[in-house]
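Taken together, the values in this text are just the output of simple stated rules run on the coordinates, not laboratory data. A quick note: this is a predicted structure, and the numbers were derived from the prediction, not measured. In this analysis, Cβ positions are derived from the backbone assuming ideal geometry, glycine residues included, and neighbour counts consider all displayed protein chains.
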Amino acid sequence: MNDEREFNAGSIPDQGHGAGAPAAPARWRDAGRPGPVPRLLQVTESLRLRAITPPDAPDVHALVTRNQPRLCHTLHWPRFIRQYSDTVDFCKKAADTFGKSNAVYVMEHDGPLAGVVSFNVLDVPNGCADIGYWIDQRQEKQGLVTASVQALMNAYRAQRLVRRFVIMCATPNQPSRAVAERLGFVREGVLAQAEKIGDEVFDQYVYALTAD
């Protein structure tokens, strides 16, 4: 169900909202089969999402290593990237499972990698997906994550692949919460003691946006 062609995410209407503004959900089309999983998404002239591949390992590893101390404040997994082979294994596994149980994209901004946006869980039969993202500190505060998540949702809704999008984040993770709220996600509840970050366990907010 993967599509090697480039998908212009800008061609999917977002009801007049730009990055940083809540987007009205596209109507979910129950009729017909789901379309192919897009591998390339052109978000803006200078920003695109591309399905991760094993050759991305050197650039991804350099990005994680440079941002590791900062990422460890809000995420658990970065502390386990101890050597290059860890990133090689991740990129290979993500590429092998792309479009099946998850979908990991690298963000390319003016060429170089800027971060990662993904469906950590992709459940096409049920039309549900859990979203994750992280970005290079040098690329923050440009709206890249918000625009990338919006483009990803637009593309998967248009292909009738996903109708319910979920963002789950630890309650102190204000940057992640801000992305969800800018995109019009509804906070559905709190999971008690649900996310471990380092040696601490935090409550977790559950945000969701469902296509009607």
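Two decimals is fine: what's Rg over Rh for region 111-212, C-alpha atoms, Kirkwood radius as Rh? Mind dumping the intermediate values first?
On the way: Rg = 13.9 Å, Rh = 14.3 Å.
Using Cα coordinates only, the ratio equals 0.97.
As a rough footprinting exposure proxy, the listed residues D89, D56 were ranked by other beta carbons within 10 Å of their own, and the order from fewest upward is D89, D56.
A DSSP coil position with no more than 15 other Cβ atoms inside 10 Å describes the following GluC sites (Glu not before Pro) in region 104-212: E140. Taking other C-beta atoms within 10 Å as the exposure proxy, R182, R164, R79 rank R79, R164, R182 from fewest upward.
With a Förster radius of 25 Å applied to the C-beta separation of V121 and E188, the computed FRET efficiency comes to 0.95. The string of couplings for region 34-49 from the Karplus curve (6.51, -1.76, 1.60, θ = phi - 60°) is x, x, x, 6, x, 9, 10, 10, 8, 7, 9, 4, 10, 10, 9, 10 Hz, one whole number per residue in order, with x for Gly and Pro.
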